[in-house]
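The values are calculated or read from the model by the stated rules, or taken from the named source; none is laboratory data. Treat the numbers as computed from the prediction; the structure is a model and nothing was measured. Here the Cβ is made from the backbone with ideal geometry for all residues, glycine too, and neighbour counts use every protein chain on show.
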């Protein structure tokens with residue numbers, strides 16, 4: 001697997017409001033310079049539905065709430081999804097040109113990264129190329145949604161660790177009514193959220209030139 005060559009800052013943001021992080025991510029991308037260090041953000045969100053730019057009957061922009069959970073449009077790819085506490089999100093703010101990696105290689109990196117994390121917890125996941133995402137036993141465990149602006153990436157992936165999956169029942173995840181969701185804790189009862197975070201950072205150390213890890 002291709003590795004990142006330039007230095008990267010890892011930021012652990014804890015649990016944050018989605019809209020705040022979304023605006024911060026777009027501001028970072030808009031204002032970054034050619035020599036700005038890349039960043040990877042680890043974050044959880046309070047309950048929220050987000051809409052990608054791929055339109056379908058299940059992501060009307062006129063809807064503000066679904067069962068009291070806010071709905072926001074996003075500039076990422078993909079369709080509608082849910083984020084909530086116990087789900088690990090990783091946002092990649094990466095200058096692909098500086099890292100000398102193209103979009104196809106970058107997407108493959110993310111998919112393999114997720115699969116390798118899951119393997120550490122004895123979860124044998126796989127990529128579904130027809131219904132994009134990472135799956136286990138025909139159920140979706142991780143979603144990928146990206147945007148590229150001037151050669152720089154925004155957004156990333158969400159990994160279901162130990163969360164309430166019930167809000168997914170209010171939508172058709174990724175616009176597909178046949179998709180069922182799962183999470184790590186339902187497959188391996190001994191998993192903790194902290195263990196998953198530790199393993200993610202370990203893997204970043206193996207695959208990236210980490211400048212520093214910050215809790216902010």
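Structure above, values below:
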item: Strands (runs of 3 or more DSSP E) enclosed by the stretch 1-56 - at least 1 residues per element that are over 22 Å from residue 77 (Cβ atoms); result: 7-16
item: Residue match in the stretch 72-95 (condition: crowded, with 16+ Cβ neighbours inside 10 Å, part of a helix (DSSP H, G or I) and in contact with a helix residue (DSSP H, G or I) (Cβ under 7 Å, 6 or more places away or on another chain)); result: no
item: Failed condition for residue 67, given (1) modelled with pLDDT under 95; (2) under 16 Å from the mean Cα position of the chain (by Cα); (3) exposed (fewer than 14 other Cβ atoms within 10 Å of the Cβ); result: (2)
item: Near pairs, Cβ below 7 angstrom, 6+ apart or cross-chain, from the stretch 197-212 (assigned to a loop (DSSP other than H, G, I, E, B)) to any residue that is surrounded by 14 or more Cβ atoms within 10 Å (Cβ to Cβ) and modelled with pLDDT under 90; result: 208/4
item: Breaking point among (1) within 19 Å of the chain's Cα centre (by Cα); (2) surrounded by 22 or more Cβ atoms within 10 Å (Cβ to Cβ); (3) closer than 21 Å to residue 212 by Cα, for residue 99; result: (1)
item: Filtered residue count, the stretch 77-102, keeping only those that are touching a strand residue (DSSP E or B) at 6+ places or on another chain (Cβ under 6 Å) and modelled with pLDDT under 95; result: 4
item: Any hit, the stretch 97-110, residues being free of Cβ contacts under 8 Å to residues at least 24 places away in the same chain, in a strand (DSSP E or B) and farther than 17 Å from residue 163 by Cβ; result: no
item: Among (1) touching a residue at least 60 places away in the same chain (Cβ under 8 Å); (2) closer than 30 Å to residue 5 by Cβ; (3) crowded, with 20+ Cβ neighbours inside 10 Å - the single one residue 141 does not satisfy; result: (1)
item: Residue under evaluation residue 190, criteria (1) part of a helix (DSSP H, G or I); (2) farther than 20 Å from residue 81 by Cα, criterion not met; result: (1)
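Let's see how each residue does on (1) surrounded by 17 or more Cβ atoms within 10 Å (Cβ to Cβ); (2) at pLDDT 95 or above:
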| position | (1), (2) |
| --- | --- |
| 4 | yes, no |
| 17 | no, yes |
| 27 | no, yes |
| 35 | no, no |
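Quick grid of which residues meet (1) within 24 Å of residue 47 (Cα to Cα); (2) touching a helix residue (DSSP H, G or I) at 6+ places or on another chain (Cβ under 9 Å):
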residue: 103; (1), (2): no, yes
residue: 138; (1), (2): no, no
residue: 154; (1), (2): yes, yes
residue: 194; (1), (2): yes, no
residue: 212; (1), (2): no, no
